[in-house]
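What follows is calculated from the coordinates using simple rules that are stated; it is not laboratory data. It should be emphasised that the depicted structure is a prediction, and the values quoted were computed from it without experimental measurement. No Cβ is skipped: glycine too gets one built from the backbone with ideal geometry, and neighbour counts run over all protein chains shown.
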């Protein structure tokens, strides 16, 4: 019996010297598709981004182990020679390449309730996608005011605003906050993130409308730089885009990726990813030093 | 016409005979002669009439026969059978004390084992697992800590979740579809240390029964299983102690008489001490975690017919970490998670002996506190459930052909999720809140009859009426139950059953990880009760020469009003959890095989399960049916204990399980944010649960050496190895860079490689 035990102990000790070998899981190959997004800027400007989807297991480090998932690597996924057109009201505009992966036109009229059709064709891969969107009515802040509160350790900006909701319709709103460091991507395409950049996007549905028919919001922000400028953008968006952005907000946050259910984002791009939306925002620029 | 008249005459004669025959009842309690512990499931039978019964959960039996002289035989596994000749000319009280067969190694034929084996074949119960506690203690386990839930995971129809944890998935159901009762009290959180250890200390447990289908009507409240655990009562003859000293935890159980033969107690405690051991070598508090639990019970025999019991469980998981005194951050995190249950019971056997009742007052609390502080900021999050209930169970045996059970349950739940208290600047962003108080009452009534229709056919039919009231919304439902057994021979039978179950509570948790902080909520106006309908059928055989029980069962289960979480749902501190839920349905079906040998030099079992489990939710996976996360095609386990000599024995188990399904991230794309001021990378996943992990298999071994076998002080050493051949058991999935820098790949990694354990058990 002693021999059995000694043999057992020796064998298990030998086995324990080796680490448990991980098991490799084989996944189906990633299918390349076009990913689209759009933004409408007052002044009849429509910008569209076009890029390729790529494998989730794509290399992001060089041979030295440095992270290269930055502007250099991004470039290879941007579609630089696409034909991008927008059709509305019986008219078709071809968008010009503004930067790699970014196409824009300054002549797209913002016609409320008009249907816009986006067509994208990439000759390199022969991939073709299209999508439709309706331009929604512009909305403005019903009220908007600010308070600055200073303590010994920090300064807090309190923002209070309301939006009058049209109760006869199902409405969805997007409110974006960003500072001057958050320059548009077509100015500094896919550059390394600016540490001082601040961007926050909030979504509201008219389920939170109060008895007086208004959506009322109070927000607090720490202000790292009291001389900064804050831009607040309000847009009336479609239900589909609201659902896309709701899923987007969850998808790009680590806590949701760790603790939440996997999210496949909805899309209105035919055989593609992303969302084509034609909202019409209003802006408010706040000079924090003057508060 | 003449033939009709003759028939009527015969019927009248039979009726007169029946009415004229005076029936009397012999009844009483069966207990262990050594320590007075009542014995559950002892068969009491009358060979001449070929009729019998089994003792109930309190060791009580009753047999009703016409007046006469009978021989009653009492049989129980591991005990010497006992025969009593009685003259039944009035109702008789007959308490029986069985003597343990202490010399089983000589392979003395223990008739009790035959009766136990046959009992499984001849009863209407099916889809029920009953595991002897002694066998649970012999099964090798992680860190040498014997654990009944991990033993149940080795049985057919029961699947485990994450490697090494105590999650239990029965016949395609979720972990929250198991009702776990400890002396009648529901236990909400069954795991210590994120579920790696169950809260049940095997030294304090007397009996474990798991029902997977064909549920008797006295059980309800969950869709997939009922785990009924009964605590020991304590030695009413003499004081004794037993315990175990292990690598990470030790336990001690003390029991004895308060009044000899009338009143006894048992108290059993357990604590981990890895924190203390590590602190001996480091002042940095590297492992600031421990758990402890305490089981206690007192029972008192008021009279021959009345007994009262008071039992309680208290357990806590404690995590307490803080930065060192010199650290200017003054940061810390504390967590307390635990259950507290109390059950007070009164048994009474009525004077006519045909009626027996048990009244229980039940309290069960579950609470967690998590607090953290940095500088002057602090956050405390508390959630709790408080249950207070009363339950009345009656058992009535009018004749030997009928065993009628009926009763009622009233339970009041109070839910207090997500109570937040903040101090300092952080309160501007996370305000203190009282949380919502949700009161919910569950009321149910049941009745069922176990009826010998003929010598071959026995049926069990019953009905349960369950209901719940929550925020002025009443839900009620009928739950029919039926089971039938047809005897093919003395040692073989076929059975079939049907059961509907309702569930009025559900567990809200993220599917990505399972935490003790997952919250239970009652149904609401929008979230309707879940229900399941299950049909099952099986063949049962007792191989008398080999002392082996064989069962082969098939089942099909329909699940309705199941809840899942929306894609992207996050439930942390989310009081508006209803908006995150979606409703759907599911099915599960399969085949289960079990060969079990509970005695002799070689004991153990072989189990195999072939199963499917699907879910369909209109709002998930584009409405397409997908495999549930508990879907495993094949499960196999072999568990064996071999007694080499009086001092040495060896146990081993080998388990195999098909890979679990999961949702993988296959693609990604660049997406500017809505303001076009930054870029994010967004994931693309496969359809839900479309990818399979690798199958897992593992060998565990435990060698036992009894160092003292003849003295009053008994000791035994356990030397164990978990995952002997060091295979990665799927517990986490990682994306890892390829060695040649060409990209990444998915890897399955295990938490535990091979783990040795040593433990010393003692008893005196």
Using the count of nearby Cβ atoms within 10 Å as a rough guide to exposure, how do B:692, B:500 rank from fewest to most? B:692, B:500
For the ranges B:527-539, A:205-217, what's the packing order if you count other beta-carbon atoms within 10 Å of each residue, average per peptide, and put the highest first? B:527-539, A:205-217
When all C-alpha to C-alpha distances in the range B:22-101 are sorted into bins of 5 Å, what percent of pairs does each bin hold, rounded to whole numbers? 4, 17, 30, 26, 15, 7, 2, 0
Once you place label points 7 Å from the Cα toward the Cβ at residue A:134 and residue B:414, how far apart are they in nm? 5.2
Inside 10 Å of the C-beta atoms of B:734-742, what's the mean count of C-beta atoms belonging to other chains? 3
The helix B:111-122 Cα axis meets the longest alpha-carbon principal axis of chain B at an angle in degrees, between 0 and 90 and rounded to 10, of 70
If you average the sequence gap of Cα pairs under 8 Å that are 6 or more apart and divide by the length of chain B, what percent do you get for the contact order? 10
Averaged across the residues of B:720-726, what count of C-beta atoms belonging to other chains lies within 10 Å of each residue's C-beta? 4
Using just the helices of chain B, give the 222 nm mean residue ellipticity in deg cm²/dmol: DSSP H runs with n ≥ 4 each add -39,500 (n - 2.57), and the total is spread over all residues, rounded to 500. -2000 deg cm²/dmol
Taking neighbour Cβ counts within 10 Å as the exposure measure, how do A:88, A:103 sort from fewest upward? A:88, A:103
Would you calculate the separation in nanometres between label points at residue A:45 and residue B:237, each defined as 7 Å from the Cα along the Cα-to-beta-carbon direction? 9.3
Taking the mean number of other Cβ atoms within 10 Å as a proxy for protection, how do you rank B:555-564, B:224-233, A:169-178 from highest to lowest? B:224-233, B:555-564, A:169-178
Give the calculated FRET efficiency between residue A:225 and residue A:164 to the nearest 0.05, with a Förster radius of 35 Å applied to their Cβ-Cβ distance. 0.60
Which of A:158, B:391 has the fewest other C-beta atoms within 10 Å, and how do the rest follow up to the most? A:158, B:391
Efficiency of FRET from Cβ geometry, residue B:427 and residue B:331, R₀ 22 Å, rounded to 0.05: 0.80
Under the 0.36 nm per residue contour assumption, what length would be gained going from the current alpha-carbon distance of residue B:625 and residue B:602 to full extension? 3.8 nm
When averaged across all projection directions, what area in nm² does the alpha-carbon convex hull of the protein assembly as shown cover? 52.8
For the range B:128-228, report the convex hull volume of the alpha-carbon atoms normalised per residue, in Å³, without decimals. 97
Just counting partner chain Cβ atoms within 10 Å, what average do the residues of peptide B:682-693 show around their Cβ? 5
Looking only at the range B:128-228, where both bridge partners belong to it, what percent of the DSSP beta bridges are antiparallel (to the nearest 5)? 75
Order these peptides, B:729-742, B:579-592, by their mean beta-carbon neighbour count within 10 angstrom, highest first. B:579-592, B:729-742
How many nm is it between the label spots at residue B:528 and residue A:151, if each spot is 7 Å from the Cα in line with the beta carbon? 4.9
Send over the per residue convex hull volume for chain B, Cα only, as a whole number of Å³. 201
With a Förster radius of 51 Å, plug the Cβ-Cβ distance of residue B:647 and residue B:351 into 1/(1 + (r/R0)^6) and report the FRET value to the nearest 0.05. 0.50
